[in-house]
1. Pull out the extension gain between A:D98 and A:V255, defined as 0.36 nm times the separation in residues minus the alpha carbon to alpha carbon distance; nm, one decimal.
2. Would you calculate the separation in nanometres between label points at A:Y195 and B:Q51, each defined as 7 Å from the Cα along the Cα-to-beta-carbon direction?
3. Name the GluC sites (Glu not before Pro) in the stretch B:123-201 that are in a loop by DSSP and that have at most 11 other C-beta atoms within 10 Å, would you?
4. Points 7 angstrom from Cα along the Cβ direction at A:A455 and B:Q220: gap in nanometres?
5. Work the Kirkwood hydrodynamic radius out for the stretch A:18-170: mean of 1/r over every pair of different alpha-carbon atoms, inverted, in Å.
6. Would you mind getting me the FRET efficiency between A:V223 and A:I315? Use the beta-carbon distance for r and R0 = 41 Å, nearest 0.05.
7. Can you send over the solvent-accessible area of A:F420, 1.4 Å probe, protein chains only, in Å² to the nearest 10?
8. Where in chain B lies the longest segment free of trypsin sites (Lys or Arg not before Pro) that are both loop residues by DSSP (not H, G, I, E, B) and have at most 15 other Cβ atoms within 10 Å?
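The values are calculated or read from the model by the stated rules, or taken from the named source; none is laboratory data. Predicted, not measured: the structure shown is a model, and the values here were computed from it. Note: ideal-geometry Cβ built from the backbone for every residue, glycine included; neighbour counts use all protein chains shown. In case anyone asks, the SASA skips ligands and DNA or RNA and just uses the protein heavy atoms, side chains included. Shrake-Rupley method; radii C 1.70, N 1.55, O 1.52, S 1.80 Å.
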Amino acid sequence: MSWYHKLDRHIPTRSLRWQLGMSYATLALVVTALLTGLALRIGSNISLAAEQRQALVAVSGAATAFREALANPTADLSQVARQQSFASNGRVLWLNDDGTVRLDAFAEAALGGTKLDLPQELAQPTEPIARAYAASSGWVIYAVAPVSTPFQPASLVVLAQDISHIQHDLAQLRATLWLLGGLLACGFAALGFLYARSVTRPLGQLTAAVQQMQAGNLAQKVVPEGSEELRQLATTFNTMATNVASLDEERRAFVANAAHELRTPLAALQALAYEMQENIAPQTSELAAFVRQTERLGRTVDNLLTLARLDNPDIKPRMIPIRVRNLLAEVFWVMRPVAAKRSIELIFPDELENEPWVLGDPDWLHLALVNILGNSVRYCAPHGGARVGVICTSNTVAIKVADSGPGVPREALSELGQRFYRVSSAREHSSGGSGLGLAIVREIVELHSGQLAFASPPGAGLIVTVTLATVPEPEDEL
Amino acid sequence: MILKTFSDDQSNPSELSTHILLVDDEYDLLRALSATLTRAGWQVTTASDGQQALHVFRRISPNLIILDLMLPVLDGWEVCREVRKTSDVPIIMLTARDDSVDKILGLELGADDYVTKPFDSRELIARIRAILRRANRTYTGTTLRLADIEINLESQTVSRDGKQTVLTPTEFDLLVHLARHPGRVFSREDLLEQVWGYDFPGDLRTVDVHVRRLRLKVEQDPAHPTLIRTRFGVGYVLVP
């Protein structure tokens, strides 16, 4: 699994909330970037222009001072340079026409005598010029002004000013702007999330309601809220849910009523069949078959009714603590005579040190286990057997019923427990099953939030496992 | 009104005195079942609606009533209620509606057992035998005493604080059985075998419903029983 999928599992990156929030944040960040860029450009232009103006004034002043000093033979030119440096907060150099430095205000790092390679536009100034440059050490301004006197060859004054403080100020401004932009992006993201939530909350409710319907709770209703479209969707959903629920109720009621209506004539049929069997001599195999089929029809109708009751969403199992051993004892009490008729042995689980208790409806769980054992008895050959095992973990108990029957093909295992499913119709018909027994088991186990599993290892019969949550043994009786 | 009495010359003369009233509105069922019961050795009278059933009941005083629930004119519930006003004759309810079984029995109508349609005739016969056996049961001894309850075994009556409480024979048998083994826990199958006398698996809820009904009559506070207690998941026990 790629990292993306892992991420996708934890953060629903494709959710509307996430998408809307991220879009808002991205938008805020782009706007911030544009605005910051613009602000920095304008800011730096304004600052540089101001600095250049100041440098021009300073360099013009320096040029005038040098001109006056050159006219006065007693003047100390290096003193002038130092004064001008100090006044302009820069480095003043006096250059020959060819760029050779004649005087440097910074005596410590004196450039005196070296030829200064000035940029082209500054080399031959006719009037004061100031230009800003980005040097490796930071931003600088070079300002030059010609110094022309009648008696001296042409020379020029260069003023170099360090303006990296502007750079620093701009960096600070940029940081501030980005910080603001970031905060704004977060704010927008949150806003996007909130807005998206107002859209998705009704959708979430709708999704939950649909999921509930999927789980079989058909009576669902959502509150119409949100935008007009969402309200319409909710109203339509409510109408549909009501229709589906009433259809399902009608179906359930139909099955229940049909089964009830079938029972009365079936009872007469069965009583008549018994009476004929007892009274008519000689016995015919047809009559025996008639009795058998009548009984089977009765069982199918019973099972249909049971399923209709289990389908009823209003069914409320009576949850009381039950000792698993006692539950099994009652099941064995019912099933032993049935098994004995077919010479099938039922093996009761061994005593455990800590007998498990479960919370459940004793009648439903009884029916589930009777159906499982009944299934085993039906498929075991005479003199076969079924063994019941109880396996406990810290908080579950597994009731395992393994029989010596022919087992079930692997591909059919997943189909077991579906209504009217038969592994082999020919065999099932002769065995008298209705194809509903394990479906009832499944419904009951689900009603108790348990698990039902089927296994059929090669050479062995079918193993049915019912896993239920255990509860502590109740301390006091009612 | 036509009353049919099916009788059979080959019936067991010792049981001929046992008279069963069979009430159902299905003619075919009535005919088949009365033939079966007659051959089993009982005298059978049939009725096909509730009014008729009450009329016949008053005339012949049967030893047992088999009563369908869904009857024209008067339904099985009302017939049961009427009969119980004057008699504790054993009643077996026949029903095609098993989802209302709890309601039927919980209504304290006093039926002794119920059978869900369709049923196996052999099982019905076995139940009738067990119930009749119990109806003719006599107890040795005179009285049993439990806290404020006095059980008179000779007259088969129960009184609490000197006031007589009317119990059906099944309830009486259940109470005596528990009272004779105080402190012993009986599972539901134990009670069906030992009190009801079933030698076949019956519906275990029958026991629960009878215990519930018995509590209503003998407990001070039936919602919090102190005499007949439930051992969760195990069974019932009488704590004197």
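1. Working: separation 157, 0.36 × 157 = 56.52 nm, distance 11.37 nm.
So the extension gain works out to 45.1 nm.
2. Taking the simple label geometry, A:Y195 and B:Q51 are separated by 7.8 nm.
3. Values: sites: B:E123, B:E150, B:E154, B:E171, B:E189, B:E193; in loops: B:E154.
Listed in order of number, the matching sites are B:E154.
4. Those two pseudo-labels are separated by 5.4 nm.
5. Numbers: mean 1/r = 0.0579 Å⁻¹.
Evaluated on the stretch A:18-170, it is 17.3 Å.
6. Working: r = 27 Å, r/R0 = 0.66.
That gives a FRET efficiency of 0.90.
7. Spelled out: A:F420, probe radius 1.4 Å, area about 110 Å².
8. Values: sites that count: B:K4, B:R137, B:R184.
Answer - B:5-136.
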